[in-house]
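To start, the structure itself, in structure tokens.
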Amino acid sequence: MDTVIIREINEANLAKAGETIRGGGIVAFPTETVYGLGASAYDAEAVKKIYRAKGRPSDNPLIVHLSDVSQVEKAAREIPETAQKLFDSFAPGPFTVILKKQPDIDDIVTAGLDTVGVRIPSDPTARAFIKAAGVPIAAPSANISGKPSPTCAEHVLHDMTGRADAIICGGNAKVGVESTIIDCTGEIPTILRPGGITLEDVISVCGKGQLDKHVLSSVSANEQPKCPGMKYKHYAPDADVTVVEGEKSHTERIISDMVQEYKRKGNTVGVLAMSDIDFGADLQISSGKNNKEFAERLFGALRKFDDRGIDVVFAQFCMEDSYGLAVKNRLYKSAGNKIIYTEKK
Ligand code: AMP
Ligand code: MG
């Protein structure tokens with residue numbers, strides 16, 4: 001398939017991308033969280049193309065993207081008070097609300113669920129593109145399934161050239177991890193996936209909120225998580241990742257020892273480092289000075305380790321702050337839950 005690459009973002013080009021959507025095509029587009037791969041949420045055949053292009057399991061639903069809060073009723077048949085409060089306070093922004101589905105939204109979008117994930121991105125290009133399409137856009141992240149989500153145009157060009165009808169090349173994703181998913185269909189708003197909007201944010205506007213038990217723990221084979229995406233190994237680079245978590249100096253000592261040991265065994269070794277000491281690895285990438293920067297850099301760093309053919313990566317985690325949960329959730333998954341705790345928790 002020929003992919004149209006849109007490098008200049010202007011009204012005429014976004015209008016063309018909108019036409020592609022209405023014509024049943026799939027288009028990759030930037031958002032503030034990660035890049036998405038979109039199709040009309042009303043068009044089952046177009047949505048099927050997304051699953052095919054990504055190699056995505058068909059029981060993992062997509063999120064419906066809208067240009068404005070006034071459009072939410074196109075996707076959802078009910079807006080509970082908690083959801084309304086979240087939209088009033090944080091929309092447009094990096095979160096998805098799970099609501100009861102409107103029948104017009106095709107079942108293939110929601111993988112047969114009676115609920116739908118609704119999101120209003122804040123990125124101006126995303127909003128202009130959705131508006132130009134004139135229909136709700138069903139979109140997951142624009143990566144090949146199982147690989148780190150794309151946070152810049154180069155990642156999308158790498159994964160989706162020849163698979164998407166068009167790619168809109170915008171800037172780098174500012175948040176860098178996918179949207180917070182908040183289930184508002186029950187009494188207490190429940191975070192199914194952590195992200196840029198935190199549990200504290202949810203509690204501050206709704207007066208209540210909780211984390212789903214699968215936010216940090218892995219899902220066992222006989223469990224059916226509320227967020228189907230939780231079952232799958234996500235964000236996994238080719239390199240074998242281990243998280244080293246705990247007090248900073250302890251993590252530094254363990255990682256330094258591991259780097260030497262694995263190099264001796266003949267591996268190329270990478271470190272994703274919160275500390276700025278030199279760990280002696282073949283490739284060391286800084287995760288920044290706090291977890292907000294870590295979130296922004298994480299997926300790009302995982303891809304860089306693969307580009308350089310790194311065999312083994314140690315990711316240092318030694319700081320808890322409001323973005324810590326979003327970072328840890330992705331780190332644990334990219335490591336397939338291989339975690340070394342350097343002190344008793
Ligand atoms: P992605 O944008 O690639 O991260 O994929 C969308 C994520 O949203 C996946 O983890 C889905 O499982 C989740 N999701 C989408 N719709 C729903 C829903 N109705 N209920 C729970 N989770 C959902
Ligand atoms: Mg994804």
Worksheet item: Can you give the net charge of the other residues whose Cβ lies under 13 Å from the Cβ of Phe314, counting K and R as +1 and D and E as -1?
Response: -4
Response to the item:
At q = 0.06, 0.07, 0.15 Å⁻¹, the log10 of I(q)/I(0) for the chain from a Debye sum over equal Cα scatterers comes to -0.21, -0.28, -1.24
Worksheet entry | For the stretch 208-262: rounded, prolate or oblate by the Cα gyration tensor [a/c cutoff 1.5] | oblate
Worksheet, complete the sentence: Once both label points are put 7 Å beyond Cα along the C-beta direction, the Tyr42-Glu187 separation in nm becomes 3.9
Discussion item. Given an 8 Å cut-off on Cα distances and at least 6 residues of separation, report the relative contact order of the stretch 163-296 as a percent.
Written reply: 16
Practice prompt. Between His158 and Glu223, with labels modelled 7 Å along Cα→Cβ, what's the label distance in nm to one decimal, could you check?
Written response: 3.1
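Rounded to the nearest 500, what is the 222 nm mean residue ellipticity of the chain from helices alone, with -39500 (n - 2.57) per DSSP H run of 4+ residues and division by all residues?
Per the formula, -9500 deg cm²/dmol.
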Worksheet item: Considering only Cα-Cα distances, which of the following residue pairs are longer than 23 Å: Lys16/Lys131; Lys74/Lys100; Lys16/Lys292; Lys213/Lys338; Lys226/Lys328; Lys248/Lys328?
Response: Lys16/Lys292
Practice prompt. Using only the Cα atoms of the stretch 136-262, construct the convex hull and provide its projected area averaged over every direction, in square nanometres to one decimal.
Written response: 12.0
Worksheet item: Under a no-solvent Debye model with one identical scatterer per Cα of the stretch 49-183, what's log10 I(q)/I(0) at q = 0.09, 0.19 Å⁻¹?
Response: -0.25, -1.20
Item to complete: Could you let me know the centre-to-centre spacing of the stretch 170-213 and the stretch 233-290, using Cα atoms, in angstrom?
Response: 29
Worksheet item: If you bin the C-alpha pair distances of the stretch 1-53 every 5 Å from 0, what whole percents do you get?
Response: 4, 19, 28, 28, 16, 4
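Are there any helices in the chain, counted as whole DSSP H runs, that stretch 20 Å or more along their axis by Cα and score at least -1.0 on average by Kyte-Doolittle, and if so which? Numbers along the way, then the final one.
Working: long enough: 248-264 (24 Å, -1.32); 291-307 (24 Å, -0.89).
The qualifying helices are 291-307.
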Practice prompt. Of the DSSP beta bridges with both residues in the chain, give the percent that are antiparallel, rounding to the nearest 5.
Written response: 35
Worksheet item: For the chain, what is the charge dipole size about the Cα centre, in debye to the nearest 20, if Lys and Arg each add +1 at the Cβ and Asp and Glu each add -1 at the Cβ?
Response: 480
Response to the item:
For the stretch 1-153, the dipole about the Cα centre with charges only on Cβ (Lys and Arg +1, Asp and Glu -1), to the nearest 20 debye, works out at 360
Fill in: For q = 0.20, 0.23 Å⁻¹, Debye-computed log10 I/I(0) when each Cα of the stretch 177-239 counts as one equal scatterer
-0.81, -0.99
Discussion item. Taking R0 as 30 Å, what FRET efficiency do you get between Arg253 and Tyr232 from their Cβ-Cβ distance, rounded to the nearest 0.05?
Written reply: 0.35
Worksheet entry | For the stretch 206-345: Kirkwood Rh in Å [reciprocal of mean 1/r, alpha carbons] | 15.6
Worksheet item: Within the chain, what is the longest stretch that has no GluC sites (Glu not before Pro) placed in a DSSP loop and near at most 13 other beta-carbon atoms within 10 Å?
Response: 79-186
Item to complete: Name all residues of the stretch 188-202 having a backbone nitrogen under 11 Å from the label point set 7 Å from the Cα of Ser322 along its Cα→Cβ direction, giving them as ranges.
Response: 196-202
Item to complete: Only Lys, Arg, Asp and Glu count, each charged at its Cβ (+1, +1, -1, -1), so figure out the dipole size of the stretch 235-305 about its Cα centre, rounded to 20 debye.
Response: 120
Worksheet item: Highest GNM mean-square fluctuation, the chain, Cα pairs closer than 10 Å: which of Lys54, Lys289, Lys328?
Response: Lys289
Worksheet item: What is the ratio of the Cα radius of gyration of the stretch 232-310 to 2.2 N^0.38 Å, where N is its residue count, to two decimals?
Response: 1.06
Discussion item. Between Val4 and Asp278, what is the label-point separation in nm under the 7 Å Cα-to-beta-carbon projection?
Written reply: 5.1
Worksheet entry | Reachable aspartates and glutamates from Lys289, criterion Cα separation under 18 angstrom, eight or more residues apart if same chain | Glu245, Glu247, Glu252, Asp276, Asp278, Glu320, Asp321
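Computed from the coordinates by the stated procedures, all read-outs in this text should not be read as laboratory data. Computed from a prediction, not measured in an experiment: that's the story for all the values here. Neighbour counts are summed over all protein chains in view; Cβ atoms, including those assigned to glycine, are modelled from backbone coordinates with ideal geometry.
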